[in-house]
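K.L.:
Questions regarding the structure given below will be posed in turn.
Bear in mind that the values in this text are calculations on the coordinates, not laboratory data. These figures come from a predicted structure and were not determined experimentally. A quick note on method: Cβ atoms are made from the backbone with ideal geometry, for glycine too, and the neighbour counts reach across all protein chains shown.
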Amino acid sequence: MPAETPTVLPSRGDSCKTVAVIDDDHAVREALTELLAALGFLARGFSSAESFLQSDALGDKRCLLLDVMLAGMSGPELLRKLALRGLRIPAILITAHEKTALAPLPLEASACLLKPFSDAALERALHEALSR
């Protein structure tokens with residue numbers, strides 16, 4: 001399974017709206033990068049928090065879309081690590097666990113979406129995160 005999903009270019013919209021999709025499920029990561037492109041966002045997928053941190057992507061991300069429960073470092077742990085580095089990137093957490101979705105959000109996260117979520121819910125969450 002590839003560690004990184006290729007960048008998907010947007011079909012419309014503003015390429016400066018770059019979103020990192022961090023999910024250890026290849027099919028989910030690929031589907032989300034394609035959906036984001038259809039919504040007008042430039043998307044780049046990563047299989048883990050560690051692969052994201054080791055990439056050249058830190059400087060060009062406007063928003064993170066990340067799974068709460070990742071193999072290795074969790075989504076909230078990644079947000080804490082980025083904050084310690086002085087990087088405050090708006091984030092949307094995603095999870096398949098209802099209890100996790102209802103828990104208080106880390107300060108860096110603007111929403112937590114319960115899988116499966118609608119395209120409209122994702123688009124609303126992205127616009128809210130980017131307007132912060």
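K.L.:
List the residues, sorted by chain then number, that are 5 or more residues from MET73 or on another chain and whose placed amide H is less than 5 Å from its amide H.
P.N.:
HN-HN under 5 Å from MET73: ALA49, GLU50.
K.L.:
For the ranges 33-45, 67-79, 84-96, 50-62, what's the packing order if you count other beta-carbon atoms within 10 Å of each residue, average per peptide, and put the highest first?
P.N.:
33-45, 67-79, 84-96, 50-62
K.L.:
Moving to a separate point now. Straight-line reach from LYS81: which aspartates and glutamates have Cα under 13 Å away, leaving out those fewer than 8 places along the same chain?
P.N.:
GLU50, GLU108
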